[in-house]
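Remarks on the structure that follows.
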Ligand SMILES: Nc1ncnc2c1ncn2[C@@H]1O[C@H](COP(=O)(O)OP(=O)(O)OP(=O)(O)O)[C@@H](O)[C@H]1O
Ligand SMILES: [Mg+2]
């Protein structure tokens, strides 16, 4: 079993985001210039790109008529894919919307107060994005930040060994580098948290932050317990090493359950749904990058359906922008958003046919009034561990199970769909039926 999916020193990432693979002539080093300045090719699947007269073409689509563009330059549709960048975590601080408070809290807790960090939140809520940006700030403070994603089959030895090997020799007393290397080499499957602590104790000249992403994929109680012990040992020994554990809402409970006194050594940050303004900013900045903009009703519809999820906002926004591109316009209207939602739903239903069929049944009225189902889905989508911490009432589990049955993951806390991305699709489908009945009455907005 592979222990880690990847390692990257954040400093290395910040100075070489292309990982050594660059477009020719140094182009693409500045993302904004790369996206805004280059001529684009036409895209065969978008007839508007090559049309003439009558149609108001987006500037990039007109650019698309240019010949002789560099082979690596993106097409008009590619520009939209790149601008909305649905599948990659954010890594530039200016692209992280609505998380200033969380980044500041993590920095002050981990860097200044020397706590360990826990970043928790639902799938796609921006945990990795948050820790990447945190890592960039920490790196600017001269801190060595090591990052890796956990795998379900990882053992304690495999998990730690990978990190220990990444610690730069300059962090260790020059007279002790050989000893340090030997200890790292002999660190193996059976090694204990005490042994790891004694290696970390040799770090003298740097602060080290170790980010364990996808920590919720670790289900082995032995590993959870060893990590909890390690965190406590490191704190008690006042070592210059901090861990940041990243995972679903249960990640925090799993670790603290093992060592309740860890509570005193941990700063916890959660990626609750983004505020409306942050969703609007996010959509605006993505659209800007590909020379488009959302109409006010289009923006509002996206915000309502995304329920504060940056993943859904980007995905639905991307499909909506592609719909506008097909019309040959730079304004993404409510109608384009509806088309984008329909496209997104169809794409998703190929991955999750059962939930999709259930949502169709709900929205068709086959189970009675769809409104209470949609309201429950919205509450699930908007639930966060912040809300739970604040003692606000979680949606009623019985009602949720009654409504959505096997699609629900009872063990999640707060309760969630097994496919955590699902609730927004029910809301999307509901809006689509609402819009289609409005369309029949001829009242769709721009
Ligand atoms: N604050 C934000 N502002 C703008 N975009 C964001 C923000 N947070 C996340 N995103 C975008 O949302 C998507 C999901 O983000 P990310 O991968 O960081 O989430 P995650 O919680 O780590 O997901 P997973 O649970 O699947 O690992 C990415 O496309 C990312 O670019
Ligand atoms: Mg992630």
Efficiency of FRET between residue 222 and residue 440 - r from beta-carbon atoms, R0 45 angstrom, step 0.05:
0.15
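Of the listed peptides 416-423, 139-146, what is their order by residue-averaged count of other C-beta atoms within 10 Å, with the highest listed first? It would help to have the intermediate numbers written out before the result.
On the way: 416-423: 21.2, 139-146: 18.0.
Taking the mean over residues of other Cβ atoms within 10 Å, the ranking is 416-423, 139-146.
Dividing the convex hull volume of the Cα atoms of the stretch 138-182 by its residue count, what figure in Å³ per residue is obtained? Show your work: numbers first, answer last.
Values: hull volume 3.4 nm³, N = 45.
Measuring per residue, one finds 75 Å³ for the Cα hull of the stretch 138-182.
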Label the stretch 100-270 by shape, choosing from rounded, prolate and oblate, from the square roots a ≥ b ≥ c of the eigenvalues of the Cα gyration tensor; if a/c is under 1.5 it is rounded, and otherwise prolate applies when a/b is larger than b/c, oblate when it is not.
oblate
FRET efficiency for residue 81 and residue 237 from the Cβ-Cβ distance with R0 = 51 Å, rounded to 0.05, comes out at 0.60
Taking a ≥ b ≥ c as the square roots of the eigenvalues of the Cα gyration tensor of the stretch 247-364, is the shape rounded (a/c under 1.5), prolate (a/b larger than b/c) or oblate?
oblate
Centroid-to-centroid separation of the stretch 96-150 and the stretch 267-296 [C-alpha atoms, Å]:
19
Of the listed peptides 113-122, 257-266, what is their order by residue-averaged count of other C-beta atoms within 10 Å, with the highest listed first?
113-122, 257-266
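Only the coordinates and a few stated rules stand behind these numbers; no lab work does. Worth saying up front: this structure is predicted, and the values here are computed from it rather than measured. Methodologically, a virtual Cβ is constructed for each residue, glycine included, from the backbone with ideal geometry; neighbour enumeration extends over all protein chains shown.
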